[in-house]
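The numbers here are math on the coordinates, done by the rules we state, and not lab data. Predicted model, so just to flag it, every value in this text is computed and none were measured. Cβ sites come from the backbone with ideal geometry, for glycine too, and all protein chains shown count toward neighbours.
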């Protein structure tokens, strides 16, 4: 069961994301019907730690095995989407593909769950602040490179 609770007019989410970097590019996902990118990941399940969450989510979404190699950030994220207010805790982990062949992937990946509206792209870290990557504090975290950090994001 995902940790996602509706309280009063807020939805509380606990999420975890992976930062996978190759050739100075970071892997992100995009819903083709939206105007922004997000780090690959998803909701933490009850009784699950954030490292396990990102391993599970990456396997479910793109069919690749990863290992968590470090911790990058905690983001307290407050935003509104489709008329719903969100209070979200986002745990960002550094990760690498386990399979050596996967470490050379530089093309857009498709969702293996059949969610054709999701695609996985590589964004150039040198231009990371030019992309609509959410939460808005993430590009600065990645550009800075000083980990771990704690940030509060209010959109």
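Numerical summary
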{"read-out": "Theoretical FRET efficiency, 1/(1+(r/R0)^6), r = Cβ-Cβ of residue 3 and residue 23, R0 41 Å, to 0.05", "value": "0.75"}
{"read-out": "Potential extension, residue 150-residue 103 segment - 0.36 nm per residue separation minus Cα distance", "value": "14.1 nm"}
{"read-out": "Average silhouette area of the chain, convex hull of alpha-carbon atoms, in square nanometres", "value": "9.0 nm²"}
{"read-out": "Over segment 56-144, relative contact order from alpha-carbon pairs under 8 Å, at least 6 apart, %", "value": "23 percent"}
{"read-out": "Pairwise label distance in nanometres, residue 52 with residue 67, each label 7 Å out on the Cα-Cβ vector", "value": "2.0 nm"}
